[in-house]
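Take a look at the structure below.
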Amino acid sequence: MSDTVLLICGPFTPEERGRLEGAHAALHIGGPDEIAALPEAARATIRAVAYKGHHPFGETQLAALPALGIVANYGVGYDAIDVAAASARGVKVTNTPDVLNDDVADLAVGMMLAFSRRLEDGAVLVRSGDWAQRALPLNRKFSGGRVGIVGLGRIGREIADRLAAFKMEIHYTSRSRKDTPGWTWHADPVALAAEVDWLVIALVGGPETQNHVGAEALAALGSEGVVVNISRGTTVDEAALLEALEQGTIRGAALDVFLNEPDIDPRFRSLDNAVLQPHQGSGTVETRRAMLGLQLDNITAFLAGRALLTAVN
Ligand code: NAP
């Protein structure tokens, strides 16, 4: 039997594992913390890691895999992987950009519609049998609002394009101005928040964008403003966000991402001004297959000595 070259690390589905194992001699573990417990002989032959999840993958794991050449991430966001440590060891990191843009943008717009048209409350009313006894309070109009995108990257751009079709006025902040159809650039999240009703966060995660949207931006957004986050829980000051939601100093939030997922701050569960989703932005059959396909293509290219498709470092 050939040496195991691929370590499948994380909560992959049986279908996903089958595709990876069908392509390369592989070993599966539940997460990075299990690497240290693998026999030394098994660790010594691993040349590629297929990674899925949000647990840190850093120097400890890299040091335990002496033949490693690539960590291929399942997902565009690779903030769980210590890229600097990988680069220092000559290990390549890849991710899965673009193939998930549509799904994440769709979910952002879906959460915004759910918030403004009270879809969750409406469903509860219909299912309760109380429809004849009480009416749903009037909603707030969605089309034609003013939206600010924090981070007009691949996903942010898809969200803005969708919201333009809802006749929204589009504002954004990014480190550089983009070539956009008449959208308005602002220097930072605070200046952006002051001009809009919806603040949609589509930043990369990681230390550089930690608390990028803070208490000052939430204050500038004001009592009519709604925060939408589909990026990472780290990009917004979560303590300040919870405070603003509980005190009603902003109108509400629609969130797909949190700190400490899935054991999120229990204060979120009592809020009646928030739409909450379980980090399911890319969670469709089609997109998850495409993400696995791109991850596998990167691994296969590396093992064959070919150029990587979507290298991060
Ligand atoms: P992208 O194209 O790289 O765009 C990222 C944006 O972040 C860009 O606008 C960029 O600003 C900004 N940015 C990067 N570093 C920054 C810094 N140091 N300070 C300020 N802004 C910075 O990434 P993407 O493909 O759109 O993905 C964005 C993120 O979405 C991912 O990293 C991931 O965390 C998240 N995501 C979530 C889900 C989900 O299920 N909810 C699914 C997929 C992805 P510039 O325009 O100035 O370069």
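Every number here is computed from the coordinates shown, using simple stated rules; none is lab data. Just so you know, these numbers come straight off a predicted model, no measurement behind them. When we count neighbours, we look across all protein chains shown, and the Cβ atoms used for this are built from the backbone with ideal geometry, even at glycine.
Going by Cα centres, segment 157-236 and segment 254-313 are how many Å apart?
Cα centroid to Cα centroid, the span is 20 Å.
What's the magnitude of the charge dipole for the chain around its Cα centre, counting Lys and Arg as +1 and Asp and Glu as -1 at the beta-carbon? Answer in Debye, nearest 20. Don't skip to the end; give the middle numbers.
Working: 28 positive and 38 negative charges, 140 e Å.
So the magnitude is around 680 debye.
Build a GNM of the chain with springs between Cα atoms under 10 Å: which of Ile230, Ile264, Ile159 gets the top mean-square fluctuation?
Ile264
Give, to the nearest whole percent, the P(r) tail of segment 101-276 beyond 25 angstrom, counting all Cα pairs. Numbers along the way, then the final one.
Details: 4485 of 15400 pairs.
Result for the distance tail: 29 percent.
Between Arg146 and Asn313, what's the calculated FRET efficiency when r is the beta-carbon distance and R0 is 35 Å? Round to 0.05.
Working: r = 38 Å, r/R0 = 1.08.
Efficiency at R0 = 35 Å is approximately 0.40.
To one decimal place, what Kirkwood hydrodynamic radius in Å is obtained for segment 1-140 from all pairs of distinct Cα atoms? Numbers along the way, then the final one.
Numbers: mean 1/r = 0.0556 Å⁻¹.
18.0 Å is the Kirkwood radius here.
Just the number, please: Stokes-Einstein D of the chain in µm²/s, Kirkwood Rh from C-alpha pairs, 25 °C, 0.890 mPa s. Intermediate values should be presented prior to the final figure.
Numbers: Rh = 21.0 Å.
Approximately 117 µm²/s, per Stokes-Einstein.
Place a label point 7 angstrom from the Cα of Phe166 along the Cα-to-Cβ direction, then list the residues of segment 109-137 whose backbone nitrogen is under 13 Å away.
Taking a point 7 Å out along Cα→Cβ of Phe166, the residues of segment 109-137 whose backbone N falls under 13 Å are 109-119.
If the elastic network links every pair of Cα atoms under 10 Å, which of Gly214, Gly30, Gly222 fluctuates the most in the Gaussian network model of the chain?
Largest GNM mean-square fluctuation: Gly30.
What is the extension gain from Leu259 to Ala42, computed as 0.36 nm multiplied by their sequence separation minus the C-alpha to C-alpha distance, in nm to one decimal?
On the way: separation 217, 0.36 × 217 = 78.12 nm, distance 3.40 nm.
Going from the current span to full extension adds 74.7 nm.
Sort Lys52, Lys141, Lys178 by Cβ crowding within 10 Å, fewest neighbours at the top.
On the way: Lys52 21, Lys141 9, Lys178 13.
Fewest-to-most ranking of Lys52, Lys141, Lys178: Lys141, Lys178, Lys52.
I want to verify a result. In a Gaussian network model of the chain, Cα cutoff 10 Å, which of these has the top mean-square fluctuation: Gly293, Gly31, Gly122?
Gly122
For Thr284 and Lys178, what does the FRET efficiency come to when R0 = 22 Å and r is the distance between their Cβ atoms, rounded to the nearest 0.05? Intermediate results must be reported in sequence, preceding the final value.
Values: r = 27 Å, r/R0 = 1.23.
After rounding to 0.05, the efficiency reads 0.20.
Can you compute the FRET efficiency between Arg306 and Asn211 using 1/(1 + (r/R0)^6), with r the Cβ-Cβ distance and R0 = 45 Å? Round to the nearest 0.05.
Numbers: r = 40 Å, r/R0 = 0.89.
That pair, Arg306 with Asn211, gives E of 0.65.
Counting helices only, and only those DSSP H runs with n ≥ 4, report the 222 nm mean residue ellipticity of the chain as the sum of -39,500 (n - 2.57) divided by its residues, in deg cm²/dmol to the nearest 500. Kindly include the intermediate steps, with their values, before the conclusion.
Numbers: 11 runs with 106 residues, N = 313.
Computed ellipticity for the chain at 222 nm equals -10000 deg cm²/dmol.
Below 14 angstrom from the Cβ of Glu216, what's the summed charge of the other residues (Lys, Arg +1; Asp, Glu -1)? Mind dumping the intermediate values first?
Numbers: positive: none; negative: Asp188, Asp237, Glu243.
Here the count lands on -3.
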